[in-house]
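Novice: Submitted below is the structure of interest, expressed as structure tokens.
Throughout, read-outs are computed from the coordinates displayed, never taken from laboratory work. Since the model is a prediction, treat every value here as computed from it, not as a measurement. Here the Cβ positions follow ideal geometry from the backbone for every residue, glycine too, while neighbour counts run over all protein chains shown.
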Amino acid sequence: MASVSVNLHARNRNEDEILIFSSLGDAKAHIKKEEIETNNRYIIGYSTKNFGNSVVTSSSHKVCWVHGVNPYMYVSLGHQVLKCHHGTDKNKKKKMEKEKTKTFSSEQHSYAKKKTRHALQPSKKMDCPASIILKEVLIFTPEEGSSRELDKKMAASNVRSDLSKGIKKIMVVFPNVEHKYHTSGENAGLLQRIDSDVASKIKELVVEDGVANVEEMQRHLTSFVTKNVTPAPSKTNRRFAPTKKVIRYHMNKAAKNGCDSSDDQHNLVQLRRYPMASKYKQFPFWWGTTNPRIRVGSFQLRGYRMRPLLHQGGISRENRK
């Protein structure tokens, strides 16, 4: 079913735009559509705990009023702030300290150091003030004639007494703040990260269909974006048209993750019941990150060979017969 949004305020220069959605998924879909149209992107700045699944914990919530053609009351359960990906750099102080450490180290020693990459642009953060605010709210419809201040206080008191009558919605607030200090328009998509849906599609094509060629993967992704992303994104938007380097990275990552099989782990567990270990005390398995090994009783399994371990707590040389 298509989401239905309600514009409760006429858009003015001095007012923010507020939209109400029935679910968090509908709100995210609307925001993503606007990101594609404007070639901008937002990331999570901060969020309250369990946003999207908040539970009413007390009756002391603040009751807010929204006036207009259809006035209503709402109680906020949680919020999430989405900021422009060119916004404030949270790790700016750490980066400055690291740069100072590098400079100090180079001045103290004159010997050759490991070759490192030099970034012409240290960070894409430009302190852009644009943001979007999402609120998880309970909406209440006031009775007719509740225009006086006393009536509003009584209505708010009635709301706090029984919050179960509220309808849970997602409120999206678009502040009247424009993007600043960075490129906008068609070229704004050149610095965007790959979309999560596109990355999932790459993993699916590698694991299930066995696609191993980067050019072939590009053709699959172009077809996928054309069929599933609306409106059609710009061809320069790296979010939906990643470079070959990014595609190759995600293909290698998917192939590496595909090496871990739950069936193999099940077989390793079954090896603990090996008949040769029934004579000796059972020890837990252990395996390293680079050289997997399994210890069954006093024997160590390496590949297809089983041999006794000469270690403390295992079989001694005298009792090895």
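Novice: To the nearest µm²/s, what D does Stokes-Einstein give for segment 193-257 at 37 °C and 0.692 mPa s, using the Kirkwood radius over alpha carbon pairs as Rh?
Specialist: Numbers: Rh = 11.7 Å.
For the chosen part, D equals 280 µm²/s.
Novice: Roughly speaking, what is the stretch gain from Ala155 to Ile167, that is 0.36 nm per residue apart minus the C-alpha to C-alpha distance, in nm to one decimal? Don't jump to the answer; show the numbers that get you there.
Specialist: Working: separation 12, 0.36 × 12 = 4.32 nm, distance 1.61 nm.
Gain in length upon complete extension: 2.7 nm.
Novice: Per 0.36 nm of contour for each residue apart, how much would the distance between Asn70 and Val55 grow if the chain were fully extended, relative to their Cα-Cα spacing? Intermediate results must be reported in sequence, preceding the final value.
Specialist: Values: separation 15, 0.36 × 15 = 5.40 nm, distance 2.65 nm.
Separation in residues times 0.36 nm, less the Cα-Cα distance, equals 2.7 nm.
Novice: If you don't mind, there's one more thing I want to ask. Once the piece of chain linking Arg248 and Thr48 is laid out straight, how much longer is it, given 0.36 nm per residue of separation minus the C-alpha distance between them?
Specialist: Numbers: separation 200, 0.36 × 200 = 72.00 nm, distance 3.57 nm.
So the chain would gain 68.4 nm between Arg248 and Thr48.
Novice: Turning to a different aspect of this structure: Among 157-163, 76-82, 194-200, 133-139, what's the highest-first ranking by average C-beta atoms within 10 angstrom per residue?
Specialist: Details: 157-163: 13.4, 76-82: 18.4, 194-200: 16.3, 133-139: 20.4.
Top to bottom by mean Cβ count within 10 Å: 133-139, 76-82, 194-200, 157-163.
Novice: Would you mind ranking Arg41, Arg248, Arg238 by Cβ crowding within 10 Å, fewest neighbours first?
Specialist: Arg248, Arg238, Arg41
Novice: Taking the Cα-to-Cβ direction at Arg219 and at Val207 and moving 7 Å from each Cα, how far apart do the two end points lie in nm?
Specialist: Computed distance between label sites Arg219 and Val207 equals 2.5 nm.
Novice: Can you list the residues of segment 31-45 with backbone N under 20 Å from a point 7 Å past the Cα of Met126, pointing along Cα to Cβ?
Specialist: 34-45
Novice: For each pair in Lys33/Lys165; Lys28/Lys245; Lys180/Lys244; Lys90/Lys253; Lys203/Lys227; Lys94/Lys256, compute the distance between the two Cα atoms and list the pairs where it is over 26 Å. Walk me through the numbers on the way to the answer.
Specialist: Values: Lys33/Lys165 32 Å; Lys28/Lys245 28 Å; Lys180/Lys244 30 Å; Lys90/Lys253 28 Å; Lys203/Lys227 18 Å; Lys94/Lys256 32 Å.
Flagged as over cut-off: Lys33/Lys165; Lys28/Lys245; Lys180/Lys244; Lys90/Lys253; Lys94/Lys256.
Novice: Based on other C-beta atoms within 10 Å, arrange Met251, Met126, Met217, Met154 from fewest to most.
Specialist: Working: Met251 19, Met126 16, Met217 22, Met154 13.
Ordered from fewest to most neighbouring Cβ atoms within 10 Å, Met251, Met126, Met217, Met154 come out as Met154, Met126, Met251, Met217.
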